[in-house]
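The values are calculated or read from the model by the stated rules, or taken from the named source; none is laboratory data. Being a predicted model, the structure only gives us computed values, none of them experimental. Note that we place each Cβ from the backbone using ideal geometry, even for glycine, and neighbour counts take in every protein chain shown.
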Amino acid sequence: MYGQASSTPYDLRFTVWGIPIRVHPVFWLTSAFLAWNPDRLDFVVVRVLCIFVAILVHELGHAVVTKSLGWQPEIVLYFFGGFATTTRHSTWKNIAVTAAGPSAGFMLFFTLLFAQLFGGRAGWFENDIVRDALGFSLFINLVWNAMNLVPVLPLDGGHISRDFLSWLSPRNGMKASLVISVAASGGVVLWAVRCIQNNQGLLGLDPKFLAIMFGVLCFHSIQQLQNMKRGYW
């Protein structure tokens, strides 16, 4: 989801299916922020692991398709997400690589949903930690992957929008995708502010967090539009 993350001596490194994976320390801190429950620190630890699995599966979706196209990817988990390195392919291959991340996440979501529906009858989730982990994992995999499909750069939905519109109009596609990015991110911010005013939640997330996050993305897209007008691109 996000750009570069410099290497540190404290990075966790391992490989999956020949794909190198690096976990930056900031990932654990931001995951703990999302999972925080001062009354149950055991829940926090397990929820952080649930976030780790959810984001890793999402990025593996990108990376596996990238590798199948002949490019060696790397996965970095960082900040409130991560990214899988890739290269430019044809338009439809680019879209396939991008869509593979949310697709993998939704596959995990439906697998967990199936386990909840049928495992509950068998008494698999009587332990409160296991029950909380399952519910939290369902929430993260659904909301995270749905949020990533919003047509806002640099989210996956924004990349799909950019590639598709650039295919339709090589001259104006990038500009059109940035305009959509500004409108979509601004819409989320306004929705989040409305929820804050009405003291309501937003998709189970803190609307203040979403207002800040999408506000930053909106500002970034506006800056890119201004750079295009100045001829920097």
Per the list (1) over 17 Å from the mean Cα position of the chain (by Cα); (2) over 17 Å from ARG162 (Cβ atoms); (3) in contact (Cβ under 8 Å) with a residue 40 or more places away in the chain, residue check on VAL182 breaks on (2)
Check off (1) within 14 Å of ASP132 (Cβ to Cβ); (2) outside any helix (DSSP H, G or I); (3) modelled with pLDDT of 95 or more for ARG22 and give me the number that stays unchecked. (1)
Mind checking which residues of the range 24-69 are buried (at least 22 other Cβ atoms within 10 Å of the Cβ) and either in contact with a strand residue (DSSP E or B) (Cβ under 6 Å, 6 or more places away or on another chain) or not aliphatic (A, V, I, L, M) (or both)? PHE27, SER31, ARG47, CYS50, ILE55, HIS58, GLU59, GLY61, HIS62, ALA63, THR66
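Take the range 122-173 and flag every residue that is among the aromatic types (Phe, Trp, Tyr) and part of a loop (DSSP other than H, G, I, E, B). Please lay out each step first, then the result.
As a first pass, look at the range 122-173 and keep what is among the aromatic types (Phe, Trp, Tyr): 124-125, 136, 139, 144, 164, 167.
Matches in the range 122-173: TRP124, PHE125.
Output yes when any residue across the range 167-179 is closer than 28 Å to SER137 by Cα and modelled with pLDDT of 95 or more, and no when none is. I'd like the intermediate steps shown before the answer.
Applying the first criterion (closer than 28 Å to SER137 by Cα) to the range 167-179 yields none.
Looking for residues that are closer than 28 Å to SER137 by Cα and modelled with pLDDT of 95 or more, one finds none in the range 167-179, hence no.
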Qualifying residues in the range 199-216 (those that are closer than 17 Å to ASN145 by Cα and of a type in the set (A, V, I, L, M)) - the one surrounded by the fewest Cβ atoms within 10 Å (Cβ to Cβ): LEU203
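Does ALA176 meet the test of being within 21 Å of ARG88 (Cβ to Cβ), in a helix (DSSP H, G or I) and out of contact with any Gly (no Cβ under 9 Å at 6 or more places or on another chain)?
Numbers: within 21 Å of ARG88 (Cβ to Cβ): yes; in a helix (DSSP H, G or I): yes; out of contact with any Gly (no Cβ under 9 Å at 6 or more places or on another chain): yes.
Yes: the conditions hold for ALA176.
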Has the range 68-80 got any residue that is modelled with pLDDT under 90 and on the phi > 0 side of the Ramachandran plot? yes
Where ASN141 falls short, out of the listed (1) of a type outside the set (A, V, I, L, M, F, W, C); (2) crowded, with 20+ Cβ neighbours inside 10 Å; (3) assigned by TED's automatic domain parsing to the domain that holds TRP191: (3)
Quick one: ASP39 ticks every box in (1) assigned to a helix (DSSP H, G or I); (2) more than 19 Å from the chain's Cα centre (by Cα) except a single one, so which number is it? (1)
Among all residue pairs at least 6 apart or on different chains, which show Cβ distances below 8 Å where the first residue, located in the range 129-153, is within 14 Å of VAL44 (Cα to Cα) and the second is of a type in the set (D, E, K, R) and part of a helix (DSSP H, G or I)? ILE129/ASP42; ASP132/ARG47; ALA133/ARG47; PHE136/ARG47
Looking at TRP17 and the list (1) surrounded by 16 or more Cβ atoms within 10 Å (Cβ to Cβ); (2) touching a Leu at 6+ places or on another chain (Cβ under 9 Å), which single condition is not satisfied? (1)
List the pairs whose first member sits in the range 18-43 and is on the phi > 0 side of the Ramachandran plot, whose second member is not β-branched (Val, Ile, Thr) and not in a strand (DSSP E or B), and whose Cβ atoms are under 8 Å apart, counting only residues at least 6 apart or on separate chains? GLY18/LYS67
